[in-house]
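> One structure is given below, represented as structure tokens, and several questions about it will come after.
The values are calculated or read from the model by the stated rules, or taken from the named source; none is laboratory data. Model, not experiment: these values are computed from the prediction. Here the Cβ is made from the backbone with ideal geometry for all residues, glycine too, and neighbour counts use every protein chain on show. Each accessible area value is taken on the protein alone, full model and side chains, heavy atoms only, with ligands, DNA and RNA left out. Shrake-Rupley method; radii C 1.70, N 1.55, O 1.52, S 1.80 Å.
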Amino acid sequence: MTTGARRRMGVDERRQQLIGVALELFSRRSPDEVSIDEIASAAGISRPLVYHYFPGKLSLYEAALKRASEDLAGRFEEPQEGPLGSRLLRVMRRFFDFVDDHGPGFSALMRGGPAVGSTATNALIDSVRQAAYVQILSHLRVTDPPARLELVVRSWISLAESTALIWLDGRRIPRAELEVQLVHDFAALAAVSAAQDAEMGALLREMLKDEPADGPFNDLVVRLISLAS
């Protein structure tokens, strides 16, 4: 009786395995706390073999960040069907799924981790923000956004990012409440801008015209009215 030999991985397959192993470890602990020895052990290979595929921890870390950034950017993709408020809420749920599953990795991605300030890391972070920006504009059916709309959308993306980072530090507010709150924040930012600009006012009316009575945008209006009464 013979024992089957372990299948030898090709170069790209082994690289992808190491990226996956590193990303899993970075998702549980800060990348600064994860050693090459741990990555090698989790992958079932020797430390020198890790260096055969990646020249150092930084290059492996950046490769893992690239995969994480592509995953995170994909969370903002949503079919353009139904009310905008409900679509944004589904996006926020997927966004927080990622944050919940990859806490330390998300923090490292947004804060730079051991590669803070590097051109590659900054480019990855910018790519996530730009992907989110493009997706939101597509939901608004706007191809040439006026300056105020660009400010609203980019400010909201930054707010979602900072909210998630603060939430990770203790998770003191239920994430479901924050998901709704961020959808409310988008409507509130748009409304404040619309109060200053007629073009934004028209965009806001278009955004709200198909919102159902039980949708998150109308829920915000009801809550604000109750505060004023």
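> Quick one: Karplus J couplings for the stretch 90-98, per residue in order, coefficients 6.51, -1.76, 1.60, θ = phi - 60°, nearest Hz, x for Gly and Pro?
Listing the rounded values in order: 5, 4, 5, 5, 5, 4, 6, 4, 4 Hz.
> Also, I was wondering about something else. Report, in deg cm²/dmol and to the nearest 500, the calculated mean residue ellipticity at 222 nm for the chain, where each DSSP H run with n ≥ 4 adds -39500 (n - 2.57) and the sum is divided by the residue count.
-24000 deg cm²/dmol
> Roll a 1.4 Å probe over the protein chains and send me the accessible area per residue for the chain in Å². Don't skip to the end; give the middle numbers.
Numbers: 12340 Å² over 229 residues.
I get 54 Å² per residue for the chain.
> Probe radius 1.4 Å, ligands and nucleic acids ignored: give me the carbon and sulfur share of the accessible area of the chain as a rounded percent.
54
> Okay, next question. Quick one: longest stretch of the chain between exposed loop trypsin sites (Lys or Arg not before Pro), exposed meaning at most 16 other C-beta atoms within 10 Å and loop per DSSP? Don't skip to the end; give the middle numbers.
On the way: sites that count: Arg6, Arg7, Arg8, Arg29, Arg141, Arg171, Arg172, Lys209.
Longest run free of exposed loop sites: 30-140.
> How far is helix 11-28 tilted off the main Cα axis of the chain, in degrees rounded to 10, range 0 to 90?
The two axes meet at around 60 degrees.
> Moving on. Separation of the stretch 68-84 and the stretch 162-219 by C-alpha centroid, Å?
Cα centroid of the stretch 68-84 versus Cα centroid of the stretch 162-219: 16 Å apart.
> Compute the long axis of helix 147-168 from its Cα atoms, compare it with the longest principal axis of the Cα atoms of the chain, and write down the angle in degrees, 0 to 90, nearest 10.
It is inclined by approximately 50 degrees.
> Would you pull out the residues with amide H under 5 Å of Val34's amide H, same chain only if 5 or more places away, H placed 1.01 Å from N?
Under 5 Å from the amide H of Val34: no residue qualifies.
> Taking the 0 to 90 degree range and rounding to the nearest ten, how far is the long axis of helix 175-194 tilted relative to the main principal axis of the chain, both from C-alpha atoms?
50
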